[in-house]
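Data first, discussion second: the structure below is written as structure tokens.
The values are calculated or read from the model by the stated rules, or taken from the named source; none is laboratory data. Given the structure is predicted, the values throughout are model-derived calculations rather than measurements. As a convention, Cβ positions derive from the backbone with ideal geometry for all residues, glycine included, and neighbour counts pool all protein chains shown. When the accessible area is computed, the model is the full protein with side chains, heavy atoms only, and any ligands, DNA or RNA have been set aside. Shrake-Rupley method; radii C 1.70, N 1.55, O 1.52, S 1.80 Å.
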Amino acid sequence: EGATRRRVFGLLVGIDAYLPPINPLWGCRNDIAAIEQYLRARVDADLQLCTLYDAEATRDAVVAAFRDHLGRAGPGDVALFVYAGHGSEEPAPVEIAHLEPTGRIQTLLLHDCGRRVDGRLRRAFADKELAVLLAEVAARGPHVAVILDCCHSGGGTRDPFVGVRGWVPDP
């Protein structure tokens, strides 16, 4: 039998055009376009990209792309998630507060964050939600890589069950 061809599945998300009161950004779309160009120049025909810009990058669209696009990656493939946009943090829910040395969780601000969609408030996308989606993808056997170009990205993919040292400044 011939060598198995590795596929690269990429989910690229770039958000510059946020809705008020969230300040717009400049350069996130350009960064994602540059990563897409880089991948197209260096990966053979087995590159399969899903790119979401600005208003396309809603909570529902990102979750669906994880499950329907990155979820197709299998053993030996690569599943790459790249996010460029606003990142934030918020108080950790009581149920998981003991896992967070600072008492806060990290979040990605997707395009519809803070908006009501079908009567329901769209919250920021929590690092714990990202961890669930990454675990679903990883369970299928691909190599998983994540690039987060946003504020508070340091804890975005940290294992929630590993004790982490934290430093909180003394006010």
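Table: residues versus (1) in contact (Cβ under 8 Å) with a residue 60 or more places away in the chain; (2) open to solvent by 40 Å² or more (accessible area, probe 1.4 Å); (3) under 18 Å from Phe125 (Cβ atoms).
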| position | (1), (2), (3) |
| --- | --- |
| Leu19 | yes, yes, yes |
| Ala45 | no, yes, no |
| Asp54 | no, no, yes |
| Asp68 | no, yes, yes |
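Considering the range 1-43 alone, what residues qualify as being in a loop (DSSP other than H, G, I, E, B) and under 15 Å from the mean Cα position of the chain (by Cα)?
Initial filter on the range 1-43 (in a loop (DSSP other than H, G, I, E, B)): 1-7, 15-27, 43.
Ile15, the sole residue that qualifies.
I'd like the residue in the range 33-43 that is under 17 Å from Gly14 (Cβ atoms) and in contact with a strand residue (DSSP E or B) (Cβ under 7 Å, 6 or more places away or on another chain) and, out of all such residues, is least open to solvent (accessible area, probe 1.4 Å).
Leu39
Of the numbered conditions (1) out of contact with any helix residue (DSSP H, G or I) (no Cβ under 9 Å at 6 or more places or on another chain); (2) open to solvent by less than 40 Å² (accessible area, probe 1.4 Å); (3) without any contact (Cβ under 8 Å) to a residue 40 or more places away in the chain, Ala92 satisfies every one except a single condition; which is it?
The failed condition is (1).
Restricting to strands (runs of 3 or more DSSP E) lying wholly in the range 44-152: which have 2 or more residues that are at pLDDT 95 or above and touching a strand residue (DSSP E or B) at 6+ places or on another chain (Cβ under 8 Å)? Spell out the reasoning first.
Details: elements: 47-53, 78-84, 87-91, 104-108, 143-149.
Fully inside the range 44-152 and qualifying: 47-53, 78-84, 143-149.
Would you check which residues across the range 113-129 are without any contact (Cβ under 8 Å) to a residue 60 or more places away in the chain, open to solvent by less than 40 Å² (accessible area, probe 1.4 Å) and of a type in the set (D, E, K, R) and list them?
Asp127 - this is the single residue of the range 113-129 that is without any contact (Cβ under 8 Å) to a residue 60 or more places away in the chain, open to solvent by less than 40 Å² (accessible area, probe 1.4 Å) and of a type in the set (D, E, K, R).
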